[in-house]
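Reviewing the structure listed below.
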Amino acid sequence: MPSPLFPHEHESERTLTILYATETGNAQDIADRIARECRRIHVRARVHNMATYAPAELIAEHFVIFVVSTTGSGKEPRGMMPLWTMLLRSDLPEDLFEDLEFAVFGLGDTAYEKFCWPAKLLSRRLTSLGAAEVCTRGEGDDQHPLGLDGAFEPWNKQLIDTLLEIYPLPPGAETTAPDGLPPPRVSIEDADSTLLREATSPLEDDPVYHLAILSRNCRITAEDWYQDVRHFEFEFDTDIHYDPGDVAIIHPEAAQPDVEGFLACIGYANIADDPISIQHSLPDQSLPDHLPSTTTLRDLFTRYLDINAVPRRSFFAMLQHFTSDDLEREKLAEFLSLEGADELYDYCFRPRRTIREVLEEFRSARIPREYVFDVFPPLRPRQFSIASSSKRHPRQVQLCIAIVQYKTMLKIPRRGVCTAYLASLQPGSKIRIGIVNGLLSLPSDPDIPVICIGPGTGVAPMRAVIEERTESGSTNNTLYFGCRSAAKDQHYHQEWEEYASGEMLTYRVACSRDGPEGVPRTYVQDLMREDAQRLWELIGDLGAWVYISGSSNKMPMGVKAAIRDAARNHGKLSEDNAGGFIGMLEREGRLYEECWS
């Protein structure tokens with residue numbers, strides 16, 4: 001293997017691969033930026049989403065840059081799992097990747113205990129399999145004044161310096177300026193209207209997606225409750241199989257008034273419905289998934305590009321190339337400076353100002369249509385845990401979704417793009433829904449107990465588990481559900497009570513706001529501490545499997561602490577062994593956690 005301090009022998013090897021694993025798009029944005037930097041030093045990068053990358057291909061790579069986000073309280077993104085599962089195989093030889101050099105940049109948040117955990121584990125595992133980490137691992141922190149850029153920009157400079165040692169510039173070649181306008185990643189040409197009329201959605205050709213008809217969209221929280229939680233039922237024309245823990249993928253559409261106002265603001269209104277064809281010019285820059293080759297600007301900003309996102313710092317860096325007003329250019333330069341980090345935070349991130357609103361203030365911006373994919377982030381599909389069992393509903397998928405709506409610090413109403421889109425759908429509406437495998441598995445023996453902990457909409461995958469188990473005749477099921485008010489937001493309580501009366505479920509509910517004033521609130525972890533002896537009998541004596549789903553605030557840690565206390569107080573384990581008991585459950589696959597921030 002070539003030393004990282006000396007160049008590769010052949011200039012034809014001036015290529016590398018960038019693999020990203022993302023949930024919200026930040027890792028994809030970082031991957032594209034790394035690829036642009038590689039282009040500046042004449043190194044060609046191939047950018048791949050780990051979710052679609054064949055893990056077996058990794059053995060043939062010679063240099064890989066991994067960009068890995070962190071989900072929940074320290075878990076790897078769902079798209080990373082196929083590759084990660086392969087890397088964890090116990091039969092892999094220790095020199096498997098002796099010809100691989102790599103670098104890792106992790107995305108995380110120091111507010112959480114397991115900061116950049118997937119990136120750290122990946123780095124350690126690759127090294128144990130013989131790979132050489134040629135650049136100190138980067139760890140981006142959302143809490144930094146510059147956000148992820150606070151760690152990424154110095155790390156990226158270090159990476160480029162390392163790459164120039166490995167791949168010296170060819171004779172006569174020079175690096176290009178880092179602050180210049182990069183070429184657009186696509187070329188856009190006017191198209192024949194016939195092609196537009198004949199165009200079909202690329203989702204139709206993807207076997208993951210199925211045509212569904214909405215049959216039910218009903219609110220399951222009280223009408224006077226502050227939060228609107230909906231139960232959705234989608235029908236298919238044939239039987240469809242999925243397992244508990246599997247995920248439904250929904251491609252949202254932006255609200256038409258938002259799109260209309262944006263098109264007028266940005267100067268696209270008169271050409272919004274003209275047919276256009278799109279050619280991918282720079283393969284080292286990613287494009288939105290399932291992008292049609294013939295479309296319109298209106299369709300792009302409705303289905304594929306996100307005008308309602310809070311812009312990243314990289315958005316402002318691109319915007320300055322297309323702004324003609326001197327004061328606006330000066331303001332953008334200030335935002336992008338180290339000294340202007342606080343001002344950018346106060347202007348954009350703190351009030352959660354959207355791209356659409358930013359462009360309403362930077363009125364001189366005129367973005368050429370071929371640059372729309374470089375300026376605007378992709379409108380990402382959303383993933384929702386399926387809340388039903390296909391054993392009970394073979395031609396149906398059911399979802400439990402909280403409709404995102406709030407007011408910013410500027411008192412501006414906000415609605416989540418995807419949840420607002422779903423809430424607006426009427427029975428009879430047709431959409432394509434993708435179904436992908438989750439990480440949850442059930443014990444093969446139906447007599448093994450399961451314990452489900454799912455406060456709020458975290459109950460969705462728990463409902464799928466309980467339906468699957470009861471449909472198979474399993475009766476040793478426990479659900480800890482948490483809500484604020486028994487009368488206002490106790491999701492599916494009639495179902496749980498029916499199961500309980502039929503002795504198929506032990507139902508424990510914590511209603512945190514129903515107690516008297518001044519009395520400490522009760523949460524699911526408090527109920528588990530009350531049930532500590534039974535908890536240990538189920539987990540320690542009967543080998544129960546534990547499932548945790550919900551917000552990744554204090555709940556997951558509190559639940560694990562309750563299990564640790566039960567192991568210590570009723571299993572008579574030492575403090576150290578009780579702490580290790582949780583790790584053992586995770587290694588054995590008996591503790592599953594799906595939590596989100």
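The values are calculated or read from the model by the stated rules, or taken from the named source; none is laboratory data. It should be emphasised that the depicted structure is a prediction, and the values quoted were computed from it without experimental measurement. Cβ coordinates were reconstructed from backbone atoms using ideal geometry, including for glycine residues, and neighbour counts include every protein chain displayed.
Numbers at a glance
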quantity	calculated
Matching option when the condition is under 25 Å from the mean Cα position of the chain (by Cα), free of Cβ contacts under 8 Å to residues at least 40 places away in the same chain and crowded, with 19+ Cβ neighbours inside 10 Å, among C483, C452	C483
Exclusive hit being in contact (Cβ under 8 Å) with a residue 40 or more places away in the chain and in contact with a Cys (Cβ under 8 Å, 6 or more places away or on another chain), set I220, I213, I166	I220
Members of the stretch 156-183 that are surrounded by 11 or more Cβ atoms within 10 Å (Cβ to Cβ) and of a type in the set (D, E, K, R)	K157, D161, E165
First in the stretch 513-525 and assigned to a loop (DSSP other than H, G, I, E, B), second anywhere and surrounded by 12 or more Cβ atoms within 10 Å (Cβ to Cβ) and of a type in the set (A, V, I, L, M, F, W, C), Cβ under 8 Å, 6 or more apart	D514/A486; T522/A510; T522/C511; Y523/A510; Y523/M555
Flag if E153 is surrounded by fewer than 18 Cβ atoms within 10 Å (Cβ to Cβ) and not basic (K, R)	yes
Single unsatisfied condition, P351 versus (1) touching a residue at least 40 places away in the same chain (Cβ under 8 Å); (2) buried (at least 18 other Cβ atoms within 10 Å of the Cβ); (3) farther than 23 Å from Y421 by Cβ; (4) not basic (K, R)	(2)
D228 vs. criteria closer than 30 Å to V459 by Cβ, of a type in the set (D, E) and surrounded by 16 or more Cβ atoms within 10 Å (Cβ to Cβ)	yes
Per-region count, the stretch 276-289, residues in contact with a Lys or Arg (Cβ under 9 Å, 6 or more places away or on another chain) and either surrounded by fewer than 18 Cβ atoms within 10 Å (Cβ to Cβ) or within 30 Å of L439 (Cα to Cα) (or both)	8
Output for the stretch 69-118, where each listed residue is of a type in the set (D, E) and assigned to a loop (DSSP other than H, G, I, E, B)	E76, D91, E94, D95, E98, D99, D109, E113
Answer from S128, S73, S123 - the residue that is among the hydroxyl-bearing types (S, T, Y) and either within 24 Å of S385 (Cβ to Cβ) or in contact (Cβ under 8 Å) with a residue 60 or more places away in the chain (or both)	S73
Subset of the stretch 531-549 (residues that are free of Cβ contacts under 8 Å to residues at least 60 places away in the same chain and buried (at least 18 other Cβ atoms within 10 Å of the Cβ))	D531, A532, W536
Which numbered condition R369 fails, given (1) at pLDDT below 95; (2) over 18 Å from the mean Cα position of the chain (by Cα); (3) surrounded by 15 or more Cβ atoms within 10 Å (Cβ to Cβ); (4) among the charged types (D, E, K, R)	(1)
Hey, M528 crowded, with 17+ Cβ neighbours inside 10 Å and modelled with pLDDT under 95 or not	no
Flag if R508 is closer than 24 Å to T470 by Cα and basic (K, R)	yes
Yes/no for L196 being surrounded by fewer than 15 Cβ atoms within 10 Å (Cβ to Cβ) and of a type in the set (A, V, I, L, M)	no
Residues of the stretch 291-312 satisfying the condition of being of a type outside the set (V, I, T) and either surrounded by fewer than 21 Cβ atoms within 10 Å (Cβ to Cβ) or outside any helix (DSSP H, G or I) (or both)	L291, P292, S293, R298, D299, R303, L305, D306, N308, A309, P311, R312
Criterion violated by Q494 - all others in (1) crowded, with 18+ Cβ neighbours inside 10 Å; (2) within 33 Å of the chain's Cα centre (by Cα) satisfied	(1)
Flag if Q426 is modelled with pLDDT of 95 or more and either assigned to a strand (DSSP E or B) or basic (K, R) (or both)	no
In the stretch 456-499, the residues that are charged (D, E, K, R), under 25 Å from A562 (Cα atoms) and not in a helix (DSSP H, G or I)	R484, D489
Restricting the stretch 73-97 to residues that are polar (S, T, N, Q) and at pLDDT 90 or above, the residue that is farthest from M557 (Cα to Cα)	S90
Some residue of the stretch 141-148 being of a type in the set (S, T, N, Q) and either closer than 29 Å to S337 by Cα or at pLDDT below 95 (or both)	yes
